[in-house]
There are 2 protein chains.
Amino acid sequence: MDRVAIIGASMTQFGKREAWVRGLLAQAGRECLADADVAPDDVEHLYVSNMASGEFEGQTGVPNALAHDLGALPAYTQRVDQTSASGGAGIYAAWQSVASGASEMTLLVGGEKMTHRSTAEATDVIASLTHPVEYKHGVTLPSFAGLTARRYLHEYDAPRESLAKVAVKNHKNGLDNPHAQFRKEVDLETVMDSPIVADPLRLYDFCPITDGSAALLFCPESVAEDHVPEDEYTVVAGIGGATDTHVVHERDDPTVMGGAVESSEQAYEMADRSPDDVDVAELHDMFTILEFLQSEAVGFFEQGEGWKAVEEGVTDRDGDLPINTSGGLKSKGHPLGASGIAQAYELHQQLLGNAGPRQVEAEVGLACNVGGFGNCVTTTILEDA
Amino acid sequence: MDRVAIIGASMTQFGKREAWVRGLLAQAGRECLADADVAPDDVEHLYVSNMASGEFEGQTGVPNALAHDLGALPAYTQRVDQTSASGGAGIYAAWQSVASGASEMTLLVGGEKMTHRSTAEATDVIASLTHPVEYKHGVTLPSFAGLTARRYLHEYDAPRESLAKVAVKNHKNGLDNPHAQFRKEVDLETVMDSPIVADPLRLYDFCPITDGSAALLFCPESVAEDHVPEDEYTVVAGIGGATDTHVVHERDDPTVMGGAVESSEQAYEMADRSPDDVDVAELHDMFTILEFLQSEAVGFFEQGEGWKAVEEGVTDRDGDLPINTSGGLKSKGHPLGASGIAQAYELHQQLLGNAGPRQVEAEVGLACNVGGFGNCVTTTILEDA
């Protein structure tokens, strides 16, 4: 079968932005089309990854507005929502649109505008994805992160500092990412002394509230070279998605992210790859603990050993398996609908050798995008064409 | 290529329901799986068509909750939102998931819970899909309907009564639909004398606010007979989707639904069919005027002639081209995310000969699902296998 190629990619500045989501999406969409030198009216399908423009801004119907703003009418449009994993779900939708033959040119744009709301308000919108009983007990996603981190540290004799080292590493990477929300290094002491949010996790264990957008342009590999030179595109070698229990306490072991296990197995099988083949990865480090859990769930490390990889520098930019060279959600920011797409943007740049000071040697990249507290996960494997 | 089959279908009672959207979706999902005798854990992909559970109920992440409720873990899940056309967009997403090879068993469930909010509140949520400038001027969808109806009547010398006859016809059909919200006939006088909402349209020209859910089960045609007998499934022969301008006043002619023209052309081409081949149709009669506009846009009648077909009884249940045998949105109700799926449910029953007192003779059916005021449209052609 003809593989699905990614021939264009873009992301806006992440952080506090003045534009509404519609403006952010239009910026990323235009820049993505320009990256591949594709005209807007060549777009056949347009997918928009966004969790909550209605709740955040009182604006729905954004895909239609975007089709207009880009000059892409009468392209078919649809919003893809899978909470924090909306970006990865958008990649899956875009892949399906091309692989099914429904579209020969699919633009995926994801974004969220959140910073005009307070952290409490934004957290409340996000918490609306939890079970009503969890929610009524005040168990928001940061609470789950605290509970799970404590369990992980206890179960696997991991030092508290190992979590902090995820933040230190990802901030260091973000320093070299011009699109990142936070471009500043933090030292271990700063993380360890930051205010407690959900014991044992502290402020620097959490990603920020962020505005931003990112985009990818997909077409069949057979026509990719009509648009870009032979070595300037990547392919979706593998992709998969899966759910875990909606209620977190129903899981046998909260330190195992079942959705990441299942979705990565699907992606490896489709790509005919194993974890050993992956050269660079973007994991959904909404909370530092999640980087450990995913690095184990997708098979990079044995269960309970992810923390050692961070301690030993394996996941540093110059380590054997660099993780979150973009700075991750931790430093780059987490505009819900954009995050999964921005992960793929980073892999695309790394695989094409366009990552500048963040560049690592890589032919195979993996992105893991998580919704809820692992409630839904997509895993994507990109390869250099 | 292997065609995509629909092997199961269900819809809940439409109307005022006590259950929240999660409960409605679970009911339709379970009944759909039972219809095809497929076990929940055979579901590989689960798509949920829903416009606004966050705005209506403060609950997001519904696809994950539904995967749990149905016992379908770890099926991949995703929400499909395309405002009022979310159901049709869900059919397109489900079709793509099977046609791309990503899933061999895809469950699509759509629904909305709205009646706990006042009509004004519900209309306000729906109006959030319009352009902010339109919205600030108070131009909600019913306003567009009034303006367009006046233009249509003027342009094509159509009598006001012709619009009312759409309501009379669809209420008559709904009388025989046990799932319909309104099962009562209305006469021409009642419609013509009902209170003005958006001149010249009156209360009976509008569909109601509705709770409800509907579901469809998709698989490759090559495996359909592993689950159901040879004559007990339908196939998606053609499907397409398109957008029109986000701002209605930018259209050259507001009486032409460009998205319906474009999406139906795509569907006819894929199905290798023409409008003449269609035996029965479900059109998105959110307002009576929309039945005229779509019946012309999908090519059943010449522009400006749709009203004559209603006057002449062509679209009656015993006419040459029955339209909205289900009762349409007008009588059956319009729970946003469910509506497009309920249209396909009706066609599925008609094509399989299971429509009871509503049965017409049909081998090819067409459904047109509209979001906004024609901002986005999907057209689906189903055929008896």
| message | Quick check on my filter: what residues within segment B:275-317 are aromatic (F, W, Y) and over 23 Å from B:G333 (Cα atoms)? | response | B:F300, B:F301
| said: Please return the ranges of helices (runs of 4 or more DSSP H) entirely within segment A:298-385 where 3 or more residues are hydrophobic (A, V, I, L, M, F, W, C). | reply: A:306-311, A:336-352
| query | If a residue has to be touching a Gly at 6+ places or on another chain (Cβ under 6 Å) and either of a type in the set (S, T, N, Q) or part of a helix (DSSP H, G or I) (or both) to count, how many in segment B:200-236 make the cut? | reply | 2
| query | Quick check, is B:E189 on the phi < 0 side of the Ramachandran plot, surrounded by fewer than 17 Cβ atoms within 10 Å (Cβ to Cβ), assigned to a helix (DSSP H, G or I) and out of contact with any Gly (no Cβ under 6 Å at 6 or more places or on another chain)? | reply | yes
| field | Residue count for segment B:130-143, restricted to those that are within 13 Å of chain A (Cβ to nearest Cβ) and either of a type in the set (A, V, I, L, M, F, W, C) or surrounded by fewer than 23 Cβ atoms within 10 Å (Cβ to Cβ) (or both) | value | 7
| Which one is surrounded by the fewest Cβ atoms within 10 Å (Cβ to Cβ) among residues in segment B:37-62 that are more than 7 Å from every other protein chain (Cβ to nearest Cβ) and free of Cβ contacts under 8 Å to residues at least 40 places away in the same chain? | B:A39
| field | Residue match in segment B:301-315 (condition: on the phi > 0 side of the Ramachandran plot, of a type in the set (G, A, S) and away from chain A (no Cβ under 14 Å)) | value | yes
| message | If I filter segment A:264-286 for residues that are part of a loop (DSSP other than H, G, I, E, B), surrounded by 17 or more Cβ atoms within 10 Å (Cβ to Cβ) and of a type in the set (D, E), do I get at least one hit? | response | yes
| Just for segment B:88-129: of the residues that are closer than 14 Å to B:E57 by Cα and small (G, A, S), which one is nearest to the other protein chains (Cβ to nearest Cβ)? | B:A122
| field | Answer residue from segment A:64-87, given it is outside any strand (DSSP E or B) and within 7 Å of another protein chain (Cβ to nearest Cβ) and is surrounded by the most Cβ atoms within 10 Å (Cβ to Cβ) among those | value | A:N64
| request: Among the candidates A:H116, A:H179, single out the residue that is in contact (Cβ under 8 Å) with a residue 12 or more places away in the chain and either closer than 30 Å to A:P357 by Cβ or among the hydroxyl-bearing types (S, T, Y) (or both). | output: A:H179
| query | Among the candidates B:A198, B:A215, B:A237, B:A242, which residue alone is within 21 Å of B:A89 (Cβ to Cβ) and surrounded by fewer than 24 Cβ atoms within 10 Å (Cβ to Cβ)? | reply | B:A237
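FYI, it's all coordinate maths here, none of it is from the lab. Bear in mind that the values here come from a model prediction, so they are computed numbers and not experimental data. Every residue, glycine among them, receives a Cβ derived from its backbone with ideal geometry; neighbour counts consider all protein chains shown.
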